[in-house]
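This report concerns only the one structure given below.
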Protein chains: 2
Amino acid sequence: MSTTWEHLAAEKRGRIDKSIPSEWKISKPTQASVMDVPANSGILSAEELKITESTATDLVNKLAKGELKAVDVTLAFCKRAALAHQLVNCALEFFPEAALAQAKELDEYFEKNKKPVGPLHGLPISLKDQARVKGIETSMGYIDWIGKYETSDSVIVTLLRKAGAVFYVKTSVPQTLMVCETVNNVIGRTVNPRNNNWSCGGSSGGEGAIIGIRGGVIGVGTDIGGSIRVPSAFNFLYGIRPSHGRLPYARLANSMEGQETVHSVVGPIAHSAADLRLFLTSVLREEPWSYDPKVIPIPWRSQEEEETKKKFKSGGMNLGFFNCDGNVLPHPPVLRAVDTVVSTLEKNGHNIIPWTPYKHDFAVNMINGIYAADGSTDVYRDINASGEPAIPNIKDLLNPNNPKIDLNELWDVHLQKWAYQSEYLSQWRLAEEQLGADKTLDAIIAPITPTAAIRHNRFKYYGYASVVNLLDFTSVVVPVTFADKKVDTKKEEYEPLNELDKEVQEEYDPEAYHGAPVAVQVIGRRLSEEKTLTIAEEVGRLLGNVVTP
Amino acid sequence: MSTTWEHLAAEKRGRIDKSIPSEWKISKPTQASVMDVPANSGILSAEELKITESTATDLVNKLAKGELKAVDVTLAFCKRAALAHQLVNCALEFFPEAALAQAKELDEYFEKNKKPVGPLHGLPISLKDQARVKGIETSMGYIDWIGKYETSDSVIVTLLRKAGAVFYVKTSVPQTLMVCETVNNVIGRTVNPRNNNWSCGGSSGGEGAIIGIRGGVIGVGTDIGGSIRVPSAFNFLYGIRPSHGRLPYARLANSMEGQETVHSVVGPIAHSAADLRLFLTSVLREEPWSYDPKVIPIPWRSQEEEETKKKFKSGGMNLGFFNCDGNVLPHPPVLRAVDTVVSTLEKNGHNIIPWTPYKHDFAVNMINGIYAADGSTDVYRDINASGEPAIPNIKDLLNPNNPKIDLNELWDVHLQKWAYQSEYLSQWRLAEEQLGADKTLDAIIAPITPTAAIRHNRFKYYGYASVVNLLDFTSVVVPVTFADKKVDTKKEEYEPLNELDKEVQEEYDPEAYHGAPVAVQVIGRRLSEEKTLTIAEEVGRLLGNVVTP
């Protein structure tokens, strides 16, 4: 008698449950927001609470001086991650014993050599369940993959390990990774720690949730259509979608592996831009281009960072902005967030100009076609292998009866994409010409989603995020505000742009969204991580959203 | 009555012929080598001969100081290019009037502003007939494309124009671009100026031939499997195949447009490494990444160049080498060239270690599969559109009855390629570990083809060149020597590695190849243009092959 998929899933859930020591167990909470539970649980000591509420930058500084021990930091985050999982259902793998053993080795190294192994010495880092860690399973939310134990690390894991990071948890993803909510048939749905009626975003939703509730300080996500940025936005976090080729993706598990028309990229999610920088500089220091042939040999360019900071401090930025892409108008809280950023920047002397989204409708259609190019053969192979059903979001998005495009059609898509990207650059140059001699357009401020942290099963429109993927631009999320029913009233007598816009507008309910996090993205040109991250950091500083302990 | 393809080709040949003023016409030569004809033709003045035998670096220096006029330099190269075409049949387009008009404008600018427009002010640059030039046809050797006049420039042409370059000729290519000899049904075969029994190489064969006989000083070629390097090697020239994304390919015409599994790249061919550098720095100065989204924003890294030069001068290079890839053993002149380079480097104190070609047989099979991935649908569409036949090399290589691979199969190829590239990097790291702490393997010396400049219709094996394309490594050709019947005797009692090797070995004839140019390639890791070019330049300097006027 063959094992049913439900049985396999239950068994795996049991294993996750067993990985949490009984002394870290709590009773299921009943309230919508669980943000305060860790502090009140009695499971973390005051010191452990302080550790988990620090920045990564502070932690690595203290670890490097011997003021903190890797074991203590790891234990604190293991405890808080255990709570996080019980509260928001975010872990696909939890391995505190291995983590503590790794931390112990690092402490021993420090004891013996009186120096850290690298810039992340003793820092726990949480991993989306695409990252392969030797000895640990990678199911990526597919029932069929349950029981696949890894014999080696993904390249990013290897390099983080060399830099001194400790691994302790791998977080949940939506089945197939191709949607911006986090539901699979292995553990079900991951919810937003601020309100269990809201999504934590996706596909790096487990990371968004665990970092949001500080069960982790830096999380590793991936992004092919918003999957780093949406969870960052929905959990009031910073996140960076680097351009393809900046960080090593080699040997990460993935759906539609080998699809290279639009690349998924890997990047960090954290509470501050400084912690994102710590991650990027630490990985680049290991020269990832010597391990992953897709990584471009560009070390961290401190000079660009310095120049950008200087220009920002002088009030001399030229920034574009848009609040509507012409397809779907964002909800009032998102419009207000863009307004807030624009007016704050203007007040600080920067030159903010309207940016006309260039053919975003065309781009959204193109990228949707790319996601479905193989008639969803690849994802349904992995879904069907176990007999599990497709989750509702996937049923809506990926139809297995759609045709697979042929190779010459794909080549046409490549040409169209290249032409579109070229035209977008022309628009950028045109804007610079209009700004005047030798002026640069430094970045563009835009929404990431049309909604604040969304209610479950309502995610309809990926275009604000996915056009950036098609362009392969660098994008950094800056948390801005929270939806407020008193100011973000529903638009009356709005004439929808189209059927989809109508659906999205109808979803807005000031009461239901009250308190939901809202962010913007700072979009820079391709491979502009240093500059774009610096702008995002300075925007956050002006907003007062630098760190939110 | 419809026009036959033969008629269209004849008409086009007539137009090319008419583009040469009668006072530049010469009678058809009968000798095998035409290298001396320009100097003895009486068509160029002594000053014009001197100009055409200068380096580009010298010319732009003099043009920038007003010591030379753009019109005089352009006229000299137009005359010599006209001779070149009559001697080796290398031009698909020749437009001296437009060139002289462009040069006149540059002279007027200089007169008025007392400064050059850019670093290439007044320098004629020849273009492979993939480059689009406003107002000029692009046939690319396809009969069906005859009469396609361009309304705008390719990006590289735009940027070269901004830098001050003058365009006067577009050179021949093989039908489809996919072979390393230069034959099409429009103008027939381009031959090697050193011996009309030898190929000029391909697919940038027109460039190899015209630069070889100094009808141009820098030529623009492209390379997807050796197409810059083979013509450079066969004409005793330097050439660089930059990694994908270093120089702008946008809006160049191409076969199999949109095929992005292995990218064709654009790069220069010249008589010296210094002239290649002049080209690269001049294009990068225009920030091509603002025009072509595929270009990576890396300016010319002078520091890497300086560091490499310093390390080379100190005799501290660690270089790998191989003379056989395990598939096909090169002919004796090529083996001698590799030996010469190795022993010269060793004599100068460098550390030269054997490199074991890693699974090159696998790589060659993979890239051949990629070239044919669409069942040659694309190329036969363009061939068949006019009714012209496929040239013999193409008939051998691309079978229209081969199946087209499907999208999921392509994704598998992408994964295999990525894994192979990763394994190659592992081999590189392993070699560095064996070298010892903090040592880098700086480059690898290898053959480009198994033969010296080859006899017509004998090109069989692309693997020495094409594996570099699959790896997307940077490669620079260094001319080394000439085949010599007295020393390069035929191997007796050789046991062939396989059937192809046997065929290639049988082709060697010391008499027929006597005097044919032989080169090696210096292979650096991806996007290592500054370092690899510097090594190539210094190798050339040690060999005494810096410039060959």
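Quick notes on this one:
- Cβ-Cβ contacts under 6 Å between residues 6 or more apart (or on different chains), taken from a first residue in segment B:377-392 that is within 11 Å of chain A (Cβ to nearest Cβ) to a second residue that is surrounded by 13 or more Cβ atoms within 10 Å (Cβ to Cβ) and not in a loop (DSSP other than H, G, I, E, B), are listed as B:377/A:408.
- Some residue of segment A:310-331 being within 14 Å of another protein chain (Cβ to nearest Cβ) and open to solvent by 50 Å² or more (accessible area, probe 1.4 Å): no
- Matching residues in segment B:48-78 - criterion: being surrounded by fewer than 24 Cβ atoms within 10 Å (Cβ to Cβ) and touching a Pro at 6+ places or on another chain (Cβ under 6 Å): B:53, B:64
- Residue satisfying all of: in segment B:269-300; in contact with a Pro (Cβ under 7 Å, 6 or more places away or on another chain), within 14 Å of chain A (Cβ to nearest Cβ) and open to solvent by less than 10 Å² (accessible area, probe 1.4 Å); nearest to residue B:55 (Cα to Cα) among these: B:288
- Single residue of A:441, A:471, A:500 found to be surrounded by fewer than 20 Cβ atoms within 10 Å (Cβ to Cβ) and out of contact with any His (no Cβ under 8 Å at 6 or more places or on another chain): A:500
- Residue A:62 meets each of the listed conditions (1) assigned to a helix (DSSP H, G or I); (2) out of contact with any Leu (no Cβ under 6 Å at 6 or more places or on another chain); (3) not hydroxyl-bearing (Ser, Thr, Tyr) apart from (2).
- The single residue among A:188, A:208 that is out of contact with any His (no Cβ under 8 Å at 6 or more places or on another chain), under 23 Å from residue A:12 (Cα atoms), more than 14 Å from chain B (Cβ to nearest Cβ) and open to solvent by 10 Å² or more (accessible area, probe 1.4 Å) turns out to be A:188.
- For residue B:63: the one exception among (1) free of Cβ contacts under 8 Å to residues at least 60 places away in the same chain; (2) more than 26 Å from residue B:138 (Cβ to Cβ); (3) aliphatic (A, V, I, L, M): (1)
- All of A:81, A:39 fail the test of being touching a helix residue (DSSP H, G or I) at 6+ places or on another chain (Cβ under 9 Å) and surrounded by 17 or more Cβ atoms within 10 Å (Cβ to Cβ), apart from A:81.
- From A:93, A:97, residue being open to solvent by 40 Å² or more (accessible area, probe 1.4 Å) and either part of a helix (DSSP H, G or I) or touching a helix residue (DSSP H, G or I) at 6+ places or on another chain (Cβ under 8 Å) (or both): A:97
- Residue in segment A:230-251 that is β-branched (Val, Ile, Thr) and crowded, with 24+ Cβ neighbours inside 10 Å present: yes
- Among the residues of segment B:263-291, those that are over 15 Å from the mean Cα position of the chain (by Cα) and not in a loop (DSSP other than H, G, I, E, B) comprise B:274, B:278, B:281, B:282, B:283, B:284, B:285, B:288, B:289, B:290.
- Being outside any loop (DSSP other than H, G, I, E, B) and either within 14 Å of chain A (Cβ to nearest Cβ) or closer than 17 Å to residue B:236 by Cα (or both) holds for only one residue in B:527, B:542, B:500, and it is B:542.
- Leading residue by the ranking (nearest to the other protein chains (Cβ to nearest Cβ)) among those in segment B:394-411 that are part of a helix (DSSP H, G or I) and surrounded by 14 or more Cβ atoms within 10 Å (Cβ to Cβ): B:411
- Pairs where the first residue, in segment B:449-476, is under 19 Å from residue B:533 (Cα atoms) and in a loop (DSSP other than H, G, I, E, B) and the second is of a type in the set (Lys, Arg) and open to solvent by less than 10 Å² (accessible area, probe 1.4 Å), C-beta under 9 Å, 6+ apart: B:473/B:241
- Residue B:537 vs. criteria in contact with a strand residue (DSSP E or B) (Cβ under 9 Å, 6 or more places away or on another chain) and buried (at least 23 other Cβ atoms within 10 Å of the Cβ): yes
- Note on segment A:436-454: residues that are farther than 18 Å from residue A:522 by Cα, out of contact with any Phe, Trp or Tyr (no Cβ under 6 Å at 6 or more places or on another chain) and away from chain B (no Cβ under 14 Å) total 3.
- Unique residue being more than 14 Å from chain B (Cβ to nearest Cβ), of a type in the set (Ser, Thr, Tyr) and either surrounded by fewer than 20 Cβ atoms within 10 Å (Cβ to Cβ) or touching a Pro at 6+ places or on another chain (Cβ under 6 Å) (or both) when the list is A:464, A:420: A:464
- For segment A:503-524, the candidate set comprises residues that are of a type outside the set (S, T, N, Q) and in a helix (DSSP H, G or I); within that set, the residue that is farthest from the other protein chains (Cβ to nearest Cβ) is A:511.
- Flag if residue B:203 is modelled with pLDDT of 95 or more, among the polar types (S, T, N, Q) and in contact with a Pro (Cβ under 7 Å, 6 or more places away or on another chain): yes
- Residue within segment B:349-363 that is over 30 Å from residue B:517 (Cα atoms), at pLDDT 95 or above and loosely packed, with under 15 Cβ neighbours inside 10 Å present: no
- Where residue B:263 falls short, out of the listed (1) at positive phi; (2) surrounded by fewer than 19 Cβ atoms within 10 Å (Cβ to Cβ): (1)
- Hey, residue B:103 among the small types (Gly, Ala, Ser), in contact with a strand residue (DSSP E or B) (Cβ under 8 Å, 6 or more places away or on another chain) and farther than 19 Å from residue B:208 by Cα or not: yes
- Screening residue A:427 with (1) touching a Phe, Trp or Tyr at 6+ places or on another chain (Cβ under 6 Å); (2) surrounded by 20 or more Cβ atoms within 10 Å (Cβ to Cβ); (3) part of a helix (DSSP H, G or I) gives one miss only, at (2).
The values are calculated or read from the model by the stated rules, or taken from the named source; none is laboratory data. All of these numbers come straight from a predicted model, not from anything done at the bench. Cβ atoms come from the backbone with ideal geometry, glycine included; neighbour counts cover every protein chain shown. Note: accessible area is taken over every heavy atom of the protein model, side chains too, but ligands, DNA and RNA are not part of it. Shrake-Rupley method; radii C 1.70, N 1.55, O 1.52, S 1.80 Å.
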